[in-house]
Amino acid sequence: MHILIVGGGYVGMYTALRLNRLLRSGEATVTVVEPRGYMTYQPFLAEAAGGTIEPRHVVASLHRVLAGVRVLNGRITGIDHTARRAEFRPVQGPNQTLTYDILVMAAGSITRTLPIPGLADNAIGFKTLAEAVRLRNQVLAQLAVAVSTDDEAVRRRALTFVVVGGGFAGVEALAEAKALAEDAIRYHQGIEAGDMRWVLVEATGRILPELDEDMGRWTAQALAKRGVEVRLHARLTSAVDRHIVLSDGTAFDAGTLVWAAGGRANPLARESGLPTDEAGRITATAFLTVDGMPDAFAAGDGAAVPDLTRPGQLCAPNAQHAVRQSKVLARNIVHRLRDKPLKEYKHAYLGSVAGLGHHQGVAQVYGIKLRGFLGWLVHRVYHLACVPSLSHKARVLADWSLALFFRREVIQLGALEQPDQDFRDAAKAA
């Protein structure tokens with residue numbers, strides 16, 4: 001039997017890891033297809049952008065973690081489940097056809113964008129490690145621009161930072177980037193914290209909707225006390241030439257624009273021929289099987305899984321559900337191979353945590369609400385416990401420990417995004 005797992009994120013990696021432990025020798029083979037070859041622990045992207053965690057420590061190599069599992073770097077571009085075939089496009093070389101007996105759709109989600117003028121050309125997303133590193137380089141580069149010009153308009157633009165999206169990703173990205181900038185200006189003469197402008201734009205009437213409203217309100221007030229403009233009921237309508245225009249009539253120039261306004265199901269879900277809902281998510285049952293499709297399973301952000309703890313609703317697209325769904329998913333696949341009854345996925349939501357930089361955070365776990373330092377501490381303990389491997393836990397803990405005694409590094413390495421540019425310039429000159 002051959003089990004094909006499409007996607008190497010939370011669901012893909014943890015399902016393969018558990019299958020590796022549950023399957024008997026020779027019972028089945030497992031293949032994971034993932035474009036990047038690693039799993040990203042996304043709750044730490046903000047700290048990677050802020051410089052408190054080394055970027056390599058927030059990703060786990062699938063080749064290393066999934067010993068005994070075949071890991072292919074590339075993309076699945078088409079699926080014919082009736083014939084049990086998938087079209088695979090490797091990072092290099094000709095396309096291949098992969099055959100399988102059991103399919104696991106764990107392709108997750110991609111950034112949800114809108115047709116806003118200038119958005120694609122001027123905004124930085126916040127879903128991948130590369131985007132987190134780019135944000136870090138962008139913030140530090142804009143500080144360098146500000147101290148290197150005599151043009152007040154250029155300086156004001158460089159010191160204006162905008163984040164669109166008031167969910168966890170947007171709030172944490174803004175908080176950590178702001179903390180990074182405030183540390184960095186110690187080494188930039190002529191810039192003070194009050195010279196920078198930080199704007200959080202949210203289309204609804206509250207931020208952090210995953211938490212109770214009073215927690216979101218407290219977070220907004222805490223950010224405002226730190227000099228952040230929290231603009232609720234406002235949408236980005238234009239970003240042409242980095243001139244920001246909001247639906248509430250506000251307009252200004254910004255050197256940095258971050259788009260963290262949520263995600264949508266990977267288009268492969270809809271293109272695969274499997275049943276999907278109106279949001280493009282694969283329609284799944286409580287057993288994590290694809291509705292009406294034999295030998296097909298789905299979980300994670302790209303699957304519409306019923307939430308049995310809230311009848312009539314779906315499981316939220318977050319890491320907490322993805323990790324726990326993978327445990328049930330792996331067991332159900334093994335039960336399917338051994339003709340045993342499948343188990344339903346039922347998990348009460350534990351709560352949510354968010355870091356706000358400067359040893360501040362919010363946590364709402366098992367109905368207990370914590371703010372400030374205690375919220376930050378719970379945020380760190382919770383996420384450290386969820387880091388995939390012992391070696392990664394140790395590395396993250398070491399990064400945090402060093403950050404307690406030493407200031408973060410504020411070196412701008414934007415040139416790494418185009419590492420061959422110097423060589424090309426030299427070649428042209430020759």
- Query: Would it be correct to say that Val104 is more than 18 Å from Ala299 (Cα to Cα) and crowded, with 17+ Cβ neighbours inside 10 Å?
  - Reply: no
- Task: Please enumerate the residues belonging to region 119-149 that are touching a Pro at 6+ places or on another chain (Cβ under 7 Å) and surrounded by fewer than 20 Cβ atoms within 10 Å (Cβ to Cβ).
- Result: Val133
- Query: Of all residues in region 332-378, which are without any contact (Cβ under 8 Å) to a residue 40 or more places away in the chain, in contact with a helix residue (DSSP H, G or I) (Cβ under 9 Å, 6 or more places away or on another chain) and of a type in the set (D, E, K, R)?
  - Reply: Lys340
- Among the candidates Ala239, Ala265, which residue alone is at pLDDT 95 or above and not basic (Lys, Arg)? Ala239
- Task: Kindly indicate whether Ala60 is crowded, with 16+ Cβ neighbours inside 10 Å, within 19 Å of Thr128 (Cα to Cα) and under 21 Å from the mean Cα position of the chain (by Cα).
- Result: yes
- Residues located in region 307-327, provided they are open to solvent by 40 Å² or more (accessible area, probe 1.4 Å), in contact with a Ser or Thr (Cβ under 9 Å, 6 or more places away or on another chain) and either hydrophobic (A, V, I, L, M, F, W, C) or modelled with pLDDT of 90 or more (or both): Lys327
- Task: Could you please find all residues in region 84-101 being surrounded by fewer than 17 Cβ atoms within 10 Å (Cβ to Cβ) and either within 20 Å of Thr276 (Cβ to Cβ) or in contact (Cβ under 8 Å) with a residue 24 or more places away in the chain (or both)?
- Result: Arg85, Glu87, Val91, Thr99, Asp101
- Any residue in region 176-183 that is part of a loop (DSSP other than H, G, I, E, B), buried (at least 21 other Cβ atoms within 10 Å of the Cβ) and on the phi < 0 side of the Ramachandran plot? no
- Message: Can you pull out every residue in region 244-277 that is surrounded by fewer than 17 Cβ atoms within 10 Å (Cβ to Cβ) and in contact with a Lys or Arg (Cβ under 9 Å, 6 or more places away or on another chain)?
- Response: Ser247, Asp248, Thr250, Phe252, Asp253, Gly262
- Out of curiosity, is Val58 of a type in the set (A, V, I, L, M), in contact with a helix residue (DSSP H, G or I) (Cβ under 8 Å, 6 or more places away or on another chain) and in contact (Cβ under 8 Å) with a residue 24 or more places away in the chain? yes
- Restricted to region 217-226, and to residues that are touching a residue at least 40 places away in the same chain (Cβ under 8 Å) and not hydrophobic (A, V, I, L, M, F, W, C), which residue is surrounded by the fewest Cβ atoms within 10 Å (Cβ to Cβ)? Arg226
- Task: Test Phe297 against the stated conditions and say whether it is open to solvent by 40 Å² or more (accessible area, probe 1.4 Å) and on the phi < 0 side of the Ramachandran plot.
- Result: no
- Number of positions in region 203-216 that are in contact with a Leu (Cβ under 9 Å, 6 or more places away or on another chain) and open to solvent by less than 60 Å² (accessible area, probe 1.4 Å): 5
- Message: For a quick check of your reading: which strands (runs of 3 or more DSSP E) sit entirely within region 8-87 and have at least 1 residues that are more than 30 Å from Val139 (Cα to Cα)?
- Response: 29-34, 70-80
- Message: If Asp339 meets every condition in (1) more than 20 Å from Ser61 (Cα to Cα); (2) among the acidic types (Asp, Glu); (3) buried (at least 18 other Cβ atoms within 10 Å of the Cβ) apart from one, which number is that one?
- Response: (3)
- Message: If I ask for residues that are of a type in the set (Ser, Thr, Tyr), touching a helix residue (DSSP H, G or I) at 6+ places or on another chain (Cβ under 9 Å) and outside any strand (DSSP E or B), which ones from region 219-265 would you list?
- Response: Thr219
- Query: Restricting attention to region 187-202, does a residue exist that is open to solvent by 30 Å² or more (accessible area, probe 1.4 Å), farther than 24 Å from Leu143 by Cα and either assigned to a loop (DSSP other than H, G, I, E, B) or in contact (Cβ under 8 Å) with a residue 60 or more places away in the chain (or both)?
  - Reply: no
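The values are calculated or read from the model by the stated rules, or taken from the named source; none is laboratory data. Values in this document were obtained by computation on a predicted structure and should not be read as measured data. Heads up, the Cβs are rebuilt from the backbone with ideal geometry, glycines too, and the neighbour counts pull from every protein chain shown. Calculation scope for accessible area: heavy atoms of the full protein, side chains included, ligands and nucleic acids excluded. Shrake-Rupley method; radii C 1.70, N 1.55, O 1.52, S 1.80 Å.
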